[in-house]
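Only one structure is covered here, and it is reproduced in the block below.
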Amino acid sequence: EKGGFEHYMTKEIFEQPETIRNTTRGRLDAERGTSILSGLNLSPRELVDIQRLLIVGCGTSMNAGLIGEYAIEDFAGIPAEVEQAAEFRYRNPIVGSRDLVLAISQSGETADTLAAVREAVEKGSLVAGLVNVVGSTIARETGRGIYLHAGPEISVASTKAFTSQVSVLLMIALKLARGRRLSQARGIEIVQEIKRIPELIEWVLETNDKIAEVAQHYTNYQNMFYIGRGYMYPVAMEGALKIKEISYIHAEGYNAAELKHGPIALLDENMPVIALANKGAGQDKTLSNVEECKARSAPVLGVVTAGDKESADIFDHVIEIPDCPQYTSVIPAAVALQLFSYHVARLRGCSIDQPRNLAKSVTVE
Ligand code: M6R
């Protein structure tokens, strides 16, 4: 049942080209340059009336939401905010009928996310679920939404659900954007880029042996920093969460710019920094942050664009991802970090699918 893999986590990582095909199947209109998301059950008129997006979730689902926030603002120009579901539910949130609340949950059963849904429904806002498990409580209570179609995720560490969540969020951003100022031509380009995601993942999966080799150099640390900017900032957070969960190495995901506002004090030869430094906006700034880390003797590992020799030279080790726009590069970068965490945890002899103290679905607060 693990399909020849030693762990569910690796099976699920390797399934991602296929799960993304399932997530996007029938939902991309290459001619009109838009996405077809009938489960949202919102007419073009209703979509254009939406004045704000509020995204709620926990853990990995919240990290996916942060990427959605960037894409929705970037493509559609609609203000979007992400809130940890427990914070949202307890702080008497200001939401109303022109706000669309997106509740993201693999299981559809997370207690805080479900309570956030109920609070948003109570306040009269539009609420849609981005859920993997069909018929789960959140899917039923939202009444509208988009299933991930990623198939059952068994490993406690979420992998394929994350990449499907991000893909759905990109399709939502595209849909909202097309109803506003985004042209058909630009929409068509975005559809083409989303369609390339399975290939981008395949490209990274083929470098698995190389990632395993790099991981050997990072098994003996107690702490790590993950840094990124823009779209890559949530990827840094997700990378750090993944390594914490399965390898028990303390890791923090930081915006690269924030490093010098305190955390840099921690850097020395025992604190590696993993930098999301692929091509795109902010890359030069991230690379100069990496130089600052090196000056404090921190080992540096870069996630870089294949063939970008100049930036690769700065790092002690690199993991490559294929060249693509920043909004899709989050996916190959996240997959690379999933594999990196997996190999570090395996080399440390950790229980990959069932990390200590964790449950697959957090149904109590
Ligand atoms: O089922 P959900 O997506 O609502 O779960 C949310 C979090 O509990 C979950 O993503 C958790 O952080 C994972 N163990 C991360 O790998």
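What follows is calculated from the coordinates using simple rules that are stated; it is not laboratory data. Computed from a predicted model, the values in this text were never measured in an experiment. No Cβ is skipped: glycine too gets one built from the backbone with ideal geometry, and neighbour counts run over all protein chains shown.
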Next item on the list: Using +1 at the Cβ of each Lys and Arg and -1 at the Cβ of each Asp and Glu in the chain, identify which of Ala345, Pro263, Ala30 lies farthest towards the dipole's positive end.
Entry: Ala30
Note to self: Could you tell me how far the Cα centroid of the stretch 311-365 sits from the Cα centroid of the stretch 61-107, in Å?
What the structure shows: 24
Note to self: Using the Cα centre of the chain as the reference point, and only Cβ charges (+1 on K/R, -1 on D/E), how large is the resulting charge dipole? Debye, rounded to the nearest 20.
What the structure shows: 900
Margin query: About the Cα centre, and with charges only on the beta carbon of Lys, Arg (+1) and Asp, Glu (-1), how big is the dipole of the stretch 69-118? Nearest 20 debye, please.
Written below: 280
Notebook entry, point to check: So what is the 222 nm mean residue ellipticity for the chain from helices alone, if each DSSP H run of at least 4 adds -39500 (n - 2.57) and you divide by all residues, rounding to the nearest 500 deg cm²/dmol?
Noted result: -13500 deg cm²/dmol
Next item on the list: Compute the Kirkwood hydrodynamic radius of the stretch 1-69, taking the inverse of the mean of 1/r over all pairs of distinct Cα atoms, and give it in Å to one decimal.
Entry: 15.3
Check: Using modelled amide H (1.01 Å from N, peptide plane; none on Pro or chain starts), what sits under 5 Å from the amide H of Arg52, excluding residues fewer than 5 places away?
Finding: Leu100
Check: With charges only on Cβ, +1 for K and R and -1 for D and E, what is the dipole size of the stretch 82-163 about its Cα centre, in debye, rounded to 20?
Finding: 180
Item checked: Cα→Cβ-extended label distance, 7 Å offset, between Asn92 and Val121, nm -> 2.3
Next item on the list: Figure the gain on full extension for Ser288 and Arg356 (residue separation times 0.36 nm, minus the Cα-Cα span) and round it to one decimal in nm.
Entry: 20.7 nm
Next item on the list: Provide the per-residue ³J(HN,Hα) series for the stretch 92-100, in order, calculated from phi with Karplus coefficients 6.51, -1.76, 1.60 and θ = phi - 60°, each as a whole number of Hz, with x at glycine and proline positions.
Entry: 6, x, 8, 9, x, 5, 9, 9, 9
Check: Separation between the Glu365 and Ala185 pseudo-spin-labels, each 7 Å from Cα along Cα→Cβ, expressed in nm?
Finding: 5.2
Check: What's log10 of I(q)/I(0) for the chain at q = 0.07, 0.11, 0.13 Å⁻¹, Debye sum over Cα points only, no solvent?
Finding: -0.28, -0.71, -1.00
Next item on the list: Mind checking the full-extension length gain between Leu347 and Arg25? Use 0.36 nm per residue of separation minus the Cα-Cα distance, one decimal, nm.
Entry: 112.2 nm
Next item on the list: Collect residues whose amide H, placed 1.01 Å from N in the peptide plane, falls under 5 Å from the amide H of Arg229; neighbours closer than 5 in sequence don't count.
Entry: Ala256
Checklist line | Estimated distance in nm for a label pair at Asn220 and Ala257, the labels positioned 7 Å out from Cα along Cα-to-Cβ | finding: 3.8
Margin query: What aspartates and glutamates does Lys11 reach when the alpha-carbon gap must be under 16 Å and sequence neighbours fewer than 8 apart in one chain are set aside?
Written below: Glu1, Glu153, Glu202, Glu206, Asp209, Asp353
Check: Dividing the Cα radius of gyration by the Kirkwood radius, what Rg/Rh value follows for the stretch 87-232?
Finding: 1.03
Check: Does the stretch 197-292 come out rounded, prolate or oblate by the C-alpha gyration tensor, with a ≥ b ≥ c the root eigenvalues, rounded set by a/c under 1.5 and, if not, prolate when a/b is larger than b/c and oblate if not?
Finding: oblate
Next item on the list: Using +1 at the Cβ of each Lys and Arg and -1 at the Cβ of each Asp and Glu in the stretch 188-231, identify which of Ala212, Gly230, Ile201 lies farthest towards the dipole's positive end.
Entry: Gly230
Item checked: Amide H contacts under 5 Å for Val303, placed H, 5+ residues apart -> Ala275, Leu276, Ala277, Ile319
Next item on the list: Take the Cα of Glu1, step 7 Å along the line toward its Cβ, and report every residue of the stretch 119-160 whose backbone nitrogen sits under 17 Å from that point.
Entry: 151-157
Next item on the list: Arrange the following residues from fewest to most other Cβ atoms within 10 Å of their Cβ: Thr34, Thr219, Thr110.
Entry: Thr219, Thr34, Thr110
Check: Using the Karplus equation 6.51 cos²θ - 1.76 cosθ + 1.60 (θ = phi - 60°), what ³J(HN,Hα) coupling, rounded to whole Hz, does each residue of the stretch 232-246 give in order, writing x for Gly and Pro?
Finding: 7, 5, x, 5, 4, 5, 5, x, 5, 4, 4, 5, 4, 4, 9
Margin query: Between Ile36 and Glu202, what's the calculated FRET efficiency when r is the beta-carbon distance and R0 is 22 Å? Round to 0.05.
Written below: 0.35
Notebook entry, point to check: Can you list the aspartates and glutamates whose alpha carbon sits under 13 Å from that of Lys294, skipping same-chain ones fewer than 8 residues off?
Noted result: Asp268, Glu269, Asp313, Asp316
